[in-house]
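The structure under discussion appears below in the form of structure tokens.
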Amino acid sequence: MKLAQDQLDQFHREGYVFLPSAFDADEVGMLRRRAEAILKMDRQEVWREKSGVARTAFAAHTYDEGFKRLGAHPRLVEPVMQLLDGSVYMHQFKINAKAAFDGEVWQWHQDFGTWHRDDEMPEPRAMNIALFLDEVSAVNGPLMFIPGSHRAGTLEAGHDLESTSYPLWTLSRDEVSRLANEGGCVAPTGPAGSVIMFHGNLVHASPPNISPFPRTIVYLSLCHVENHIRAFKRAEWIAHRDFTPIRPMADDCLSELAADERRAA
Ligand code: SIN
Ligand code: MN
């Protein structure tokens, strides 16, 4: 799949492009069931909030067939190859649970800020794809973006080890206010199956989820193969060291797996 010119223009101008309902209910339902099972697992890749509920499951594409296929899905990988102009590898893969009632905040940050400082990724030639596994609405902790903030470059940040269970390089309130006074602040919402592709330097955050509705989102962080990380300080399952170019699979790879599962049931 390729992005159209108006989508490319929007990405360069705003730092993100939103594709509502890019995956159908069959594909998303199969991944949703797998995510629920993974988030209950007791394994080191499943990171918990301070309260004990699951926050993030890392690297599910390395041990779960559904997420392995998602990690090579042409609807996700091909547009990123187009935007980054070449082959890409998986730098990070996470399922963020943002549990009903207990899902905690993600503070204001730029992902490339962490990739650069912690992993020595040379350039912001890497980006995120978010796939909604639940409906994301105004009430269940949506992602918030400051449109156009990716054009500010990589901003000064402090290492926040306190606010949540996950260390993050976060921006100051003054910086966020300055950027939002210029660019505003948006929270794209939509049905399960929707996709957002966003620039590694786009400033973003998400509020806690005190609603009774979970907000599960899968993130693929893809990096151009020549821009691979140089430092290996974080665990391999957080910042991958396999720089093999991803070969996009067939477009029906998820619906095929869902059909296999139905036959086996
Ligand atoms: C992230 O910024 O990496 C995650 C944000 C979220 O899932 O709300
Ligand atoms: Mn982020």
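The values are calculated or read from the model by the stated rules, or taken from the named source; none is laboratory data. A quick note: this is a predicted structure, and the numbers were derived from the prediction, not measured. Note: ideal-geometry Cβ built from the backbone for every residue, glycine included; neighbour counts use all protein chains shown. Accessible surface areas use protein heavy atoms only, side chains included; no ligands, DNA or RNA. Shrake-Rupley method; radii C 1.70, N 1.55, O 1.52, S 1.80 Å.
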> Which one of these is among the acidic types (Asp, Glu), modelled with pLDDT under 95, away from ligand 2 (no atom under 16 Å from the Cβ) and under 28 Å from Arg173 (Cβ atoms): Glu49, Glu104, Glu14?
Replying inline: Glu49
>> Conditions first: (1) under 25 Å from Ser211 (Cβ atoms); (2) of a type outside the set (Gly, Ala, Ser); (3) out of contact with any Lys or Arg (no Cβ under 9 Å at 6 or more places or on another chain); (4) at pLDDT below 95. Pro20 passes all but one, so which condition is the exception?
In response: (4)
> Failed condition for Arg55, given (1) modelled with pLDDT under 95; (2) part of a loop (DSSP other than H, G, I, E, B), with all others met?
Replying inline: (2)
> Do you know which residues across the stretch 1-25 are in contact with a helix residue (DSSP H, G or I) (Cβ under 6 Å, 6 or more places away or on another chain) and open to solvent by 50 Å² or more (accessible area, probe 1.4 Å)?
Replying inline: Met1, Lys2
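Can you report the number of residues in the stretch 167-177 which are surrounded by 15 or more Cβ atoms within 10 Å (Cβ to Cβ) and of a type in the set (D, E, K, R)?
Residues flagged as surrounded by 15 or more Cβ atoms within 10 Å (Cβ to Cβ) and of a type in the set (D, E, K, R) within the stretch 167-177 amount to 1.
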> Here is a list of conditions, (1) in contact with a strand residue (DSSP E or B) (Cβ under 7 Å, 6 or more places away or on another chain); (2) among the hydroxyl-bearing types (Ser, Thr, Tyr); (3) in a helix (DSSP H, G or I), and Ser177 meets all of them except one; can you say which number that is?
Replying inline: (1)
> What number of residues in the stretch 62-101 are within 29 Å of Asp6 (Cα to Cα), more than 16 Å from ligand 2 (Cβ to nearest atom) and touching a helix residue (DSSP H, G or I) at 6+ places or on another chain (Cβ under 6 Å)?
Replying inline: 5
>> Can you find, within the stretch 179-197, the residue that is nearest to ligand 1 (Cβ to nearest atom) among those that are closer than 11 Å to Ser149 by Cα and surrounded by 15 or more Cβ atoms within 10 Å (Cβ to Cβ)?
In response: Cys185
> Just checking, how many residues over the stretch 43-60 are free of Cβ contacts under 8 Å to residues at least 60 places away in the same chain and open to solvent by 20 Å² or more (accessible area, probe 1.4 Å)?
Replying inline: 4
> For the stretch 191-246, what are the residues that are among the small types (Gly, Ala, Ser), within 13 Å of ligand 2 (Cβ to nearest atom) and part of a loop (DSSP other than H, G, I, E, B)?
Replying inline: Gly200
>> Could you tell me how many of the residues in the stretch 199-210 are open to solvent by 10 Å² or more (accessible area, probe 1.4 Å) and over 13 Å from the mean Cα position of the chain (by Cα)?
In response: 3
> Among all residue pairs at least 6 apart or on different chains, which show Cβ distances below 9 Å where the first residue, located in the stretch 214-225, is charged (D, E, K, R) and the second is in a loop (DSSP other than H, G, I, E, B) and within 12 Å of ligand 1 (Cβ to nearest atom)?
Replying inline: Arg215/Ala97; Arg215/Lys98; Arg215/Ala99; Arg215/Leu133; Arg215/Asp134; Arg215/Asn140; Arg215/Gly141; Arg215/Pro142
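Please return the ranges of strands (runs of 3 or more DSSP E) entirely within the stretch 61-166 where 1 or more residues are open to solvent by 50 Å² or more (accessible area, probe 1.4 Å).
Strands (runs of 3 or more DSSP E) meeting the threshold: 106-109, 158-160.
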> Is there a residue in the stretch 12-30 that is out of contact with any strand residue (DSSP E or B) (no Cβ under 7 Å at 6 or more places or on another chain), in a helix (DSSP H, G or I) and free of Cβ contacts under 8 Å to residues at least 12 places away in the same chain?
Replying inline: yes
